[in-house]
Amino acid sequence: MSLREEILNDINNVFFLLEDFGEMHTIDNKNIVCMIDNDALKIRSGSNELSVSESTLLLFAKESDLPRKVVGDDLLIDGRIYVVDDWKVNLGVAEVALHQNISY
């Protein structure tokens, strides 16, 4: 098995398992196993990446499970509306930085 095949196997059979790292969240009214990693968001924000400087949530999920969005689109997560700041895909995993518009 090649390294790429091993990585894809780990993505499907380790990272997104509820028993290991995965968490169930409702995204655009669909239950999806994903990971929210705000520690990684702090690292990205500290790097002065303009696209994530205002982000408050960093979501990882299988690209095939998520509705395709672009920067500026809304994404409903667990009943809250977030705005997509950045959307990257690597080996079938979407890394999505988002912020929530809060009006007072």
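Each value in this text was obtained by applying a stated rule to the coordinates, not by laboratory testing. Predicted, not measured: the structure shown is a model, and the values here were computed from it. Neighbour counts run over all protein chains shown; Cβ positions are idealised from the backbone, glycine included.
Filter region 5-34 down to the residues that are without any contact (Cβ under 8 Å) to a residue 40 or more places away in the chain, more than 16 Å from the chain's Cα centre (by Cα) and under 16 Å from G92 (Cβ atoms) and list them by number.
E5, E6, N9, D10, N13, V14
Of all residues in region 63-92, which are surrounded by fewer than 19 Cβ atoms within 10 Å (Cβ to Cβ) and either in contact with a Phe, Trp or Tyr (Cβ under 7 Å, 6 or more places away or on another chain) or without any contact (Cβ under 8 Å) to a residue 12 or more places away in the chain (or both)?
R68, K69, V70, V71, D73, D74, K88, N90
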